[in-house]
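Shown next, in C-alpha cells, is the structure this report addresses.
The values are calculated or read from the model by the stated rules, or taken from the named source; none is laboratory data. Predicted model, so just to flag it, every value in this text is computed and none were measured. As a convention, Cβ positions derive from the backbone with ideal geometry for all residues, glycine included, and neighbour counts pool all protein chains shown.
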Amino acid sequence: MTAPSHPSGWPVTDTGIPATLVAALARNAAESGRTTAFREREYGIWREWTWAQVLDEVLAIAAGFEAIGLSPGQALTVVGDNRAAIYFAMLAANALRAFPVPVFPDVPSGEFDTYMRFGTPDMALAEDQEQVDKLLELRERIGRPSTIVYDDPRGLSQYTQPGLIALSEVAEKGRARLNADEALRAALIARARPEDIAVILYSSGTTGLPKGIPLRHRNVVGGMANAEKGGYFRQGDVLFAYLPNAWVGDFVFTLCAGTLLRGSINIPERQETALHDLREVAPTFYLAAPRAWDAMLTRIQVGIADSTPLKRRLFNYFIPRAIDLERRRLRGEPVSLKDRLLHALGNVLVYAPLKDYLGLSRAERAFTGGEAMGEDTFLFFRALGIRLKQFYGQTETCALTAAQVEGAVQINTVGRAMPGVEVDIADNGEIMIRSASVFEGYADNDKATAEALTPDGWLHTGDAGYLEDDGDLVVLGRVSELVETAAGERFIPTFIENRLKFSAYIRNVAVLGAGRADLAAIVCIDDTAVGYWAEQKSISYSSYAELSQLPQVQDLVEREIARVNDLQPDHLKIRRFVNLHKDFDADDGEVTRTRKLRRKVIETNYAPLVEALYDGSTAVTFDATITYEDGRKGSLRRDLTVREVQPWT
C-alpha cells in the first residue's frame with residue numbers, strides 16, 4: 001500500500017503529518033526555513049543552522065553517500081560523540097532508504113565487530129582520528145568497513161589507507177550531483193517510506209550478545225505523535241543533545257523530537273563542557289538518568305558547603321521547607337497562604353538561582369527514566385520548581401510507553417500509559433505493551449522476535465509490574481531476574497539494588513541470594529559523595545580502593561544497607577556485604593554501556609568474594625585483574641573486609 005503524499009512529494013500519515021524523518025525535515029525547511037534547527041558549540045562559539053540549511057546539508061551528504069556506494073537497505077555504522085554533522089549524516093542515510101547504526105564511542109576495538117552484524121555495514125562514519133583507528137583495526141580483523149568517512153580531519157592528513165574520505169568531501173560530491181541533476185533533490189526527499197528502518201539500536205546485552213532493534217519511521221512518528229498528544233513534548237522545544245547517540249534516549253528524545261516537532265537541537269562542545277554549555281542553552285525539555293540527577297544534587301551540596309555562611313543558612317532554611325511542601329502537595333494536601341508566600345520568597349533567594357546555576361531555569365518538562373530514582377533526589381528537584389517526572393519505555397517501544405503528568409505524580413510509579421498506548425499485565429506479572437511505537441521484530445533473529453511479540457502485536461517487555469487502581473504503572477524489575485532463596489522466598493535483586501542506590505554514597509551494588517540461605521551484597525561506593533563526606537570528617541585516603549576499606553566508610557555503607565533492610569521483610573534483609581575496591585566497569589564486562597549489571601559476569605569475576613560472603617569469613621584476599629589502556633592485563637592483590645549488617649537504629 002502506497003503512503004499518501006504531500007503536494008511537495010514527501011510521504012504523510014493519514015492525519016497529514018510527515019510520515020518519515022526526511023519528510024519532516026523537508027516540511028520544516030518549507031514552513032520554518034529560517035528558524036534555528038541545530039546549534040553546536042565549537043571553540044567556545046555557537047554555530048547555527050536553520051532548517052533550510054540543514055535540509056541542504058543532509059541532501060548533499062545523501063547524494064555524496066550514494067555516489068560512494070551507500071545503497072537502500074544497507075547500514076551505516078556511526079561512531080563518535082554528538083556532532084551536528086553526525087546527525088546530518090544519519091538523516092542522509094535515511095534519505096537513501098539506508099539506516100544508521102550508532103555505536104557507543106567508548107566501545108573498544110576488540111568488541112566492535114559485535115555492532116557490525118546487521119545490515120551488511122561496509123561503510124562507517126567516524127567522528128575523529130580515535131574512532132578511525134578503531135575502524136581500521138576492525139577492518140584488518142573482519143574485512144569491513146571498506147569505506148570510512150570521517151568528520152574531524154585533525155591527525156588524519158598522513159593516513160594513506162584506502163577507503164578513507166572526509167565527510168566534507170562526500171558533501172561536495174553530493175552538491176555536484178545535485179547541481180547537475182535538477183530532479184535529484186525532490187527524489188531524495190520523497191524516497192524514504194514509513195516502513196523503512198530509521199535506525200538500528202542495540203539492546204544492552206545483559207544476558208548475551210546485544211540484539212539489533214530496528215525502529216522504523218512509522219514507529220518513531222507514531223510514538224512521537226502519542227507523546228505530543230499527552231503533552232510530554234511540544235512543538236519548538238529547546239533540546240540539549242548530550243546523551244550518547246547510540247542510546248534510544250538520544251535518537252528519540254533529541255533527533256526525532258527535534259525533527260518531527262521542529263525543536264532546536266543544541267550540542268555541547270565536548271562532554272567535559274556539557275554542564276557549562278547546559279547553562280547557556282537552558283533547554284525547555286531535559287532528560288537525564290537518575291544517576292545524573294544524583295550527581296547534580298551532589299554538585300549542589302558540595303557547592304553550598306563551600307559557599308558563604310549566608311548562602312548556607314539560606315539553603316538550609318528554605319530547602320527543607322520546600323521539600324516538605326512538595327511532599328504535602330504530592331499527597332494532595334492543601335497549601336496555606338503562608339506556605340505559598342514563604343515558597344515565593346525562597347524562589348527569589350534560593351530556588352531560582354539554583355535552577356539558573358544548573359541551566360534548568362526554563363525546563364518546563366524534565367524527565368528521568370531507565371531505573372528507579374531516590375525519593376530524596378526526586379523531591380529536591382521538584383521542590384526547586386523543576387517539574388521532574390518519571391517515564392517508562394524500552395528501545396523496543398521507542399522509549400515512549402508511560403510517563404507521569406503534572407497533578408498526578410506519585411513517587412512509586414512511572415505514571416500512566418501515553419495516549420495511543422495499551423498496557424496489560426500478563427498472568428505471570430509481566431508488563432505487556434501495544435502501540436504504534438512498538439518495533440516489528442529483532443534484526444535477523446526470528447526466535448527472539450517470536451518470544452517478544454504476540455501475533456496480535458503485544459510486546460513482552462520482560463519487566464514485572466502491576467497497574468494501580470487509578471491506572472498508574474508500577475515497575476518492579478525484570479521478570480527474568482525473579483529468583484528464589486534456598487527457602488523458596490522470591491525476590492527481584494534489581495528492586496533491592498535500586499533502593500540501595502537511592503543512597504548518595506552507593507553508586508553500584510549487586511545483591512546476591514539466589515539459592516542461598518540469605519541475601520548479601522557487593523557494594524561499589526560513590527567516590528565523589530563518599531570522598532566529600534570523608535573530607536568533611538577530616539579522614540585522609542589516597543585512592544578509591546583505600547577509601548572503600550576504611551572502617552568509617554564501611555560503617556557509613558552499613559547504615560545505608562540497614563536503612564533499606566528496615567523496609568524489607570525479615571527473610572529478604574541483606575545480612576553481609578563487602579565494599580569492592582573499584583566500581584563495576586563496562587570495559588571489564590561487568591556492566592553494559594548503559595550501566596546495567598551483568599550478573600553472571602560479576603558472580604564469575606568475584607567468585608572468591610561471593611564465597612567469603614557466605615562462609616563466615618571476616619576478610620578476603622582478592623587478586624584483581626587490571627586491563628591497561630593498551631589492552632595488556634595485570635593483577636593487583638587487594639584485602640577486602642566482609643561486614644555483618646546490624647539492625648537499623
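Restricting the range 237-279 to residues that are at pLDDT 95 or above, over 23 Å from VAL78 (Cβ atoms) and not hydrophobic (A, V, I, L, M, F, W, C), which is farthest from the chain's Cα centre (by Cα)?
Only one residue tops the list, namely ARG262.
Scanning the range 523-557 for residues that are among the acidic types (Asp, Glu) and over 30 Å from the mean Cα position of the chain (by Cα), which turns out nearest to ARG638 (Cα to Cα)?
It comes out as GLU546.
Enumerate the pairs (first residue in the range 98-115 and surrounded by fewer than 17 Cβ atoms within 10 Å (Cβ to Cβ); second residue anywhere and in a loop (DSSP other than H, G, I, E, B) and among the β-branched types (Val, Ile, Thr)) with beta-carbon separation below 9 Å, excluding pairs fewer than 6 apart on the same chain, so at least 6 apart or on different chains.
Filtered contacts from the range 98-115: THR114/VAL107.
Against the definition (of a type in the set (Gly, Ala, Ser), more than 30 Å from ALA436 (Cα to Cα) and touching a residue at least 60 places away in the same chain (Cβ under 8 Å)), how does ALA504 come out, yes or no?
Taking the combined requirement at face value, the residue satisfies it.
Of the numbered conditions (1) modelled with pLDDT under 95; (2) under 31 Å from the mean Cα position of the chain (by Cα), GLN158 fails exactly one; give the number of that condition.
For GLN158, the exception is condition (2).
Considering only residues that are in contact (Cβ under 8 Å) with a residue 24 or more places away in the chain and either surrounded by fewer than 18 Cβ atoms within 10 Å (Cβ to Cβ) or in contact with a strand residue (DSSP E or B) (Cβ under 7 Å, 6 or more places away or on another chain) (or both), which ones fall in the range 152-162?
The answer is ARG154, GLY155, LEU156, TYR159, GLN161.
Test each condition in (1) outside any helix (DSSP H, G or I); (2) within 30 Å of GLU40 (Cα to Cα) for GLY303 and report the one that comes out false.
GLY303 satisfies all of (1) outside any helix (DSSP H, G or I); (2) within 30 Å of GLU40 (Cα to Cα) except (1).
So which residues in the range 167-201 are under 20 Å from VAL103 (Cβ atoms) and either part of a strand (DSSP E or B) or modelled with pLDDT under 95 (or both), if there are any at all?
If the condition is that a residue be under 20 Å from VAL103 (Cβ atoms) and either part of a strand (DSSP E or B) or modelled with pLDDT under 95 (or both), then ILE197, ALA198, VAL199, ILE200, LEU201 are the ones that fit.
Just give me the residues in the range 85-128 being part of a loop (DSSP other than H, G, I, E, B) and either within 20 Å of LEU243 (Cβ to Cβ) or of a type in the set (Val, Ile, Thr) (or both), in sequence order.
PHE104, PRO105, ASP106, VAL107, THR120, GLU127, ASP128
Can you confirm whether the range 289-302 contains a residue that is in contact with a Pro (Cβ under 6 Å, 6 or more places away or on another chain), within 29 Å of GLY222 (Cα to Cα), surrounded by 14 or more Cβ atoms within 10 Å (Cβ to Cβ) and modelled with pLDDT under 90? Let's see the steps before the verdict.
Within the range 289-302, the first condition is being in contact with a Pro (Cβ under 6 Å, 6 or more places away or on another chain), and the residues that meet it are none.
No, every residue in the range 289-302 fails to be in contact with a Pro (Cβ under 6 Å, 6 or more places away or on another chain), within 29 Å of GLY222 (Cα to Cα), surrounded by 14 or more Cβ atoms within 10 Å (Cβ to Cβ) and modelled with pLDDT under 90.
Please determine, by comparing only the residues of the range 516-563 that are under 13 Å from THR641 (Cβ atoms) and of a type in the set (Asp, Glu), which one is surrounded by the most Cβ atoms within 10 Å (Cβ to Cβ).
GLU558
Can you tell me which of ALA624, ALA586, ALA619, ALA607 is in the same structural domain as SER503 (by TED's automatic domain parsing), over 24 Å from TRP533 (Cα atoms) and in contact with a His (Cβ under 9 Å, 6 or more places away or on another chain)? Full working, then the answer.
On the way: ALA586 fails: in contact with a His (Cβ under 9 Å, 6 or more places away or on another chain); ALA619 fails: in contact with a His (Cβ under 9 Å, 6 or more places away or on another chain); ALA607 fails: in contact with a His (Cβ under 9 Å, 6 or more places away or on another chain).
Answer to the check: ALA624.
Looking for something in contact with a Pro (Cβ under 7 Å, 6 or more places away or on another chain), of a type in the set (A, V, I, L, M) and not in a helix (DSSP H, G or I) - is there at least one such residue anywhere in the range 515-535?
no
Between a residue in the range 13-28 that is farther than 14 Å from GLY222 by Cβ and any residue that is polar (S, T, N, Q), which pairs come within a Cβ distance under 6 Å, given they are 6 or more apart or on different chains?
VAL22/ASN94; LEU25/THR259
Quick check, is PHE253 in a helix (DSSP H, G or I), of a type in the set (Phe, Trp, Tyr) and out of contact with any Leu (no Cβ under 6 Å at 6 or more places or on another chain)? Break it down into steps so the answer makes sense when it comes.
On the way: in a helix (DSSP H, G or I): yes; of a type in the set (Phe, Trp, Tyr): yes; out of contact with any Leu (no Cβ under 6 Å at 6 or more places or on another chain): no.
No: the conditions fail for PHE253.
Could you grab me the full set of residues in the range 395-433 that are touching a strand residue (DSSP E or B) at 6+ places or on another chain (Cβ under 7 Å) and either of a type in the set (Gly, Ala, Ser) or at positive phi (or both)?
Within the range 395-433, CYS398, ALA402, ALA403, GLY415, ALA417, ALA426, GLY429 meet the criteria.
Within the range 434-452, can you find the residues that are part of a loop (DSSP other than H, G, I, E, B) and touching a strand residue (DSSP E or B) at 6+ places or on another chain (Cβ under 9 Å)?
Passing the criteria: SER435, SER437, VAL438, PHE439, GLU440, GLY441, TYR442, ALA443, ASP444, ASN445.
For the range 367-392, which positions are touching a residue at least 40 places away in the same chain (Cβ under 8 Å) and not in a helix (DSSP H, G or I)?
Selection gives PHE367, THR368, GLY369, GLY370, GLU371, ALA372, MET373, GLY374, LEU384, LEU388, PHE391, TYR392.
Looking for whichever is more than 16 Å from LYS389 (Cα to Cα), of a type outside the set (D, E, K, R), surrounded by 17 or more Cβ atoms within 10 Å (Cβ to Cβ) and not assigned by TED's automatic domain parsing to the domain that holds GLY80 here; the options are LEU337, LEU341, LEU278, LEU310. Which one fits?
On the way: LEU337 fails: surrounded by 17 or more Cβ atoms within 10 Å (Cβ to Cβ); LEU341 fails: surrounded by 17 or more Cβ atoms within 10 Å (Cβ to Cβ); LEU310 fails: surrounded by 17 or more Cβ atoms within 10 Å (Cβ to Cβ).
Result of the check over LEU337, LEU341, LEU278, LEU310: LEU278.
Of all the residues that make up the range 597-613, how many are within 23 Å of the chain's Cα centre (by Cα) and either among the small types (Gly, Ala, Ser) or crowded, with 17+ Cβ neighbours inside 10 Å (or both)?
Of the residues in that region, 4 qualify.
Name every residue in the range 414-462 that is among the β-branched types (Val, Ile, Thr), touching a Phe, Trp or Tyr at 6+ places or on another chain (Cβ under 7 Å) and surrounded by fewer than 16 Cβ atoms within 10 Å (Cβ to Cβ), in order of residue number.
ILE425, THR449
Matching residues to (1) touching a Leu at 6+ places or on another chain (Cβ under 7 Å); (2) assigned to a strand (DSSP E or B); (3) at pLDDT 80 or above:
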{"residue": "ARG593", "(1), (2), (3)": "no, no, no"}
{"residue": "VAL601", "(1), (2), (3)": "no, no, yes"}
{"residue": "VAL610", "(1), (2), (3)": "yes, no, yes"}
{"residue": "GLY616", "(1), (2), (3)": "no, no, yes"}
{"residue": "ALA624", "(1), (2), (3)": "yes, yes, no"}
{"residue": "GLY631", "(1), (2), (3)": "no, no, no"}
{"residue": "ARG637", "(1), (2), (3)": "no, yes, yes"}
{"residue": "VAL642", "(1), (2), (3)": "yes, yes, yes"}
{"residue": "TRP648", "(1), (2), (3)": "no, no, no"}
